[in-house]
1. Students often get this wrong: which residues of the stretch A:420-461 have the backbone nitrogen under 15 Å from the point 7 angstrom along Cα-to-C-beta of A:Asp245?
2. Once the Cα atoms of helix A:222-234 and of chain A are each reduced to a long axis, what angle between those two axes, in degrees from 0 to 90 to the nearest 10, is obtained?
3. Would you order A:Ile394, A:Ile278, A:Ile324 from fewest to most other beta-carbon atoms within 10 Å of each residue's own beta-carbon?
4. Determine which lysines satisfy two conditions relative to B:Lys218: a Cα distance under 30 Å, and not lying fewer than 8 residues away in the same chain.
5. Using +1 at the Cβ of each Lys and Arg and -1 at the Cβ of each Asp and Glu in chain A, identify which of A:Trp293, A:Ala40, A:Ile355 lies farthest towards the dipole's positive end.
6. Helix A:475-508 against the longest principal axis of chain A: what's the angle in degrees, Cα atoms only, rounded to the nearest 10?
7. Neighbour counts of other C-beta atoms within 10 Å: give me A:Ile77, A:Ile215 arranged from fewest to most.
8. Along the charge dipole of chain A, which of A:Gly456, A:Thr16, A:Gln224 sits closest to the positive end, that is, farthest toward it, with unit charges on the beta carbon of Lys, Arg, Asp and Glu (+1, +1, -1, -1)?
Amino acid sequence: MISAVLAMTMLLTQDTTTGKTVYVKWCAGCHGDNGAGDGAGARHMIPPPRDFTVGLYQIRSTPSGQLPTDGDLLRSIDEGLPGTAMPGWKSRLSDRQRRDVLAYIKTFSTFFADTTQRPQAIKFGSPPSGGSGADALRVGRQFYDSIGCRKCHGDLGRGDGPSAPTLKDDAGHPMFAANLHENWRFNGGGTVEDIYHRLRTGLDGTPMPSFSDLIENKFLTEEQLWRVAQYVRSLSPADAPVVRDVVHAPLTKTLPHAPDDSAWTPVDVYWFPLVGQIVHKDRWFAPAVTGVWVKALHTADSIALRVVWDDRSQSPDSTWLGHIARVLNALQNDDSTLKPVLLPDELTVQFPVSIPSGMERPYFLMGSPSAPVYQWRWVSTSRDTAVAGLARGIDRFDPIPTAFVRTQAVYDHGQWRVVFTRALASPDTTSQLPFRTGRAIPVAFFASDGSNGEHGTRMAISTWYFLALDEPVPARVFISPVLAMVLTLGLGMLVVWRAQQKTSYRRQQ
Amino acid sequence: MKARIFSVVGGMFLLTVCSKGSQSNVQAAPPSSSTNESAPAPATAPASAVSTAGGTITGKIKFTGTAPRNPVIDMSEEAACKAKYKAPPTEENVVAGPANTLANVFVYVKSGVPAGQNFPAPTTAVTLDQNGCRYHPHVLGIMVGQPLEIVNSDPVLHNIKAIAKANRPFNVSQPGAGMKTTRTFSAPEVMVNLECNVHGWMHAYAGVRPDPFFSVSKEDGSFTISGLPPGTYTIEAWHEKFGTQTATVTIAGTESKTANFTFAAH
């Protein structure tokens with residue numbers, strides 16, 4: 001009993017003095033000494049760190065315009081905000097420290113001291129059953145359209161709606177409409193409940209409004225809004241993708257050259273995350289492409305690589321010029337002279353020049369002058385071929401004359417799908433990697449979204465992964481076990497037959 | 001007997017059929033047409049709760065130089081809005097009348113009203129209408145606590161976002177024609193920005209005041225602030241592109257004073 005009371009008082013008392021100590025040590029680097037979201041790290045971040053002085057919070061359980069509850073703030077501190085630079089602090093700071101820093105953060109805005117501002121959490125209820133059934137999803141999709149989600153999030157939810165290029169937050173920072181196929185990057189969490197809560201509360205300070213009024217206005221019911229949340233959840237995979245290091249390219253008779261050829265459907269897909277290039281100037285802290293989905297197939301003489309990535313714009317696209325300007329302005333890039341210009345989308349696939357025999361591989365970030373890498377560079381303004389060449393460091397690429405790699409590309413509702421095709425053998429084995437079966441071939445990916453101001457060193461990058469061309473399985477692998485089984489069966493039957501013969505012989509006797 | 005042997009051995013040849021569940025894509029159902037076309041509500045002037053007694057300040061707002069051209073709005077994404085215009089619609093950043101008169105200037109008493117004087121907020125709402133994917137009015141004045149009724153006269157999605165510092169912001173959605181939302185402001189603020197993020201060109205401005213001494217200039221540049229008790233007042237004129245200007249006016253009794261403002265278009 002006493003311990004329970006003690007625990008209660010521990011929870012209720014929040015010490016802003018110790019809170020400040022925690023804040024200065026752990027938070028001020030991004031959020032700034034005065035809580036204005038202007039710490040040293042802020043100029044590398046999109047979205048920027050929260051400005052606590054305006055008392056405006058995206059992730060709340062309260063109606064639009066209300067302050068968050070302490071529980072809401074604590075959740076963001078504990079779990080962090082996926083898809084942003086804000087990590088979770090639950091494992092790093094004690095319960096007491098997190099409560100104290102929460103109390104301190106609230107002192108930055110006068111709204112928290114105003115006793116007329118009493119945040120009241122919405123009673124959300126729980127999701128109606130049958131959420132993943134076809135009927136529920138159909139209702140969800142119907143209201144996804146009728147309440148206008150597609151205006152920003154797009155017809156298929158990839159954040160490519162007609163209003164997407166104009167979005168900005170209250171401070172004028174660039175904003176992307178969330179790609180609804182990546183629920184593991186949703187700021188407020190990716191469950192059906194999280195999505196429903198965001199629909200009800202809106203994300204204050206951003207273009208995302210609250211849809212609570214629609215229930216009061218009888219435009220839709222709570223259940224129908226839950227269906228929207230369930231539909232949105234259904235767009236993402238059941239679990240966030242995990243990295244598997246080796247892309248297996250099965251052997252096939254003929255290669256599908258078109259990205260949407262049904263022959264690709266049964267092929268295993270591999271996901272690789274991309275991050276901003278922050279090794280070389282000018283660095284890039286806000287890449288738009290978050291990952292690539294890769295499939296591979298090969299025949300006796302050729303290989304096809306299918307690379308798919310979500311990109312909100314088919315660049316170059318002049319409607320995104322305003323967004324480019326906002327991005328360049330917000331990041332205050334290393335190169336401050338950058339002007340918003342129209343740029344294409346780019347995707348580079350990188351291999352070593354030859355398959356390494358040991359563990360050593362060339363430098364992952366476009367090789368080095370002494371150890372170049374072999375690359376296929378595809379640009380959205382020349383869709384049918386990729387230029388093959390050697391990169392000798394991030395700023396030097398030497399195309400190999402006449403060495404083009406055949407590509408077919410499709411842009412569809414916020415997604416690029418590109419198939420690269422090349423012969424396994426190459427006429428020039430010293431610079432153009434000859435592909436071989438049964439070997440782990442290092443491979444890496446680089447992507448640029450022109451409509452996010454990306455070009456050159458401003459791009460999203462991966463580390464080395466591997467590509468393995470599965471060897472044709474010799475026929476004996478399949479025949480031997482069958483032969484062994486038939487033989488065993490035959491022998492067994494022979495033994496049993498002999499035993500039966502003996503038994504009946506004895507009986508007769 | 002023989003049959004039993006065959007069945008046991010046959011079990012060894014059990015085949016496991018692995019089938020990959022193919023994900024079916026849910027196709028878009030046509031949106032439910034629960035939108036009703038309703039007659040556009042007329043843009044109302046801010047309701048004034050002040051009696052005709054007291055002094056009056058009138059004036060004209062003008063500008064020098066050439067007004068910048070208002071950008072043409074590309075409404076091709078919103079056929080229902082586009083259909084409401086004969087000529088291509090433009091933004092309303094600078095609305096000028098003949099002879100360089102300037103509309104949409106918020107004129108208010110910035111200081112001089114004795115502290116501690118309370119002015120009850122009118123219960124009549126100020127209406128902000130979204131019609132043809134533009135706001136009507138473009139600039140409005142409203143008292144603290146007075147209801148702001150936001151109406152959607154378009155059969156399209158609008159979100160209404162208030163960007164404020166002294167007031168709590170809000171961001172609500174109205175996906176259909178005839179929808180109404182009422183909000184109030186709790187603190188004086190010049191100006192609260194209102195915007196629609198679905199249509200990046202839609203901007204409106206609300207001047208929130210603790211007293212009824214404000215006015216928005218008409219297209220002929222004229223404005224009237226009435227019911228002022230005797231005193232010396234600082235009058236501020238605010239324009240979204242041209243900034244602010246102030247003037248000092250002394251009122252003694254029920255007289256009418258003139259305060260003209262001239263902005264410079266740059």
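1. Those under the cut-off are A:439-444.
2. Long axis of A:222-234 versus the principal axis of chain A: about 40 degrees.
3. Values: A:Ile394 20, A:Ile278 14, A:Ile324 27.
Neighbour counts put them in this order, fewest first: A:Ile278, A:Ile394, A:Ile324.
4. Here the lysines satisfying the reach criterion relative to B:Lys218 are B:Lys60, B:Lys62, B:Lys82, B:Lys84, B:Lys86, B:Lys110, B:Lys161, B:Lys165, B:Lys180, B:Lys241, B:Lys257.
5. A:Ile355
6. The angle comes out near 70 degrees.
7. Values: A:Ile77 22, A:Ile215 15.
So the residues, fewest neighbours to most, are A:Ile215, A:Ile77.
8. A:Gln224
Every number in this text was worked out from the coordinates using simple rules, so none of it is lab data. Small disclaimer: the values here were computed from a predicted structure and weren't measured. Neighbour counts run over all protein chains shown; Cβ positions are idealised from the backbone, glycine included.
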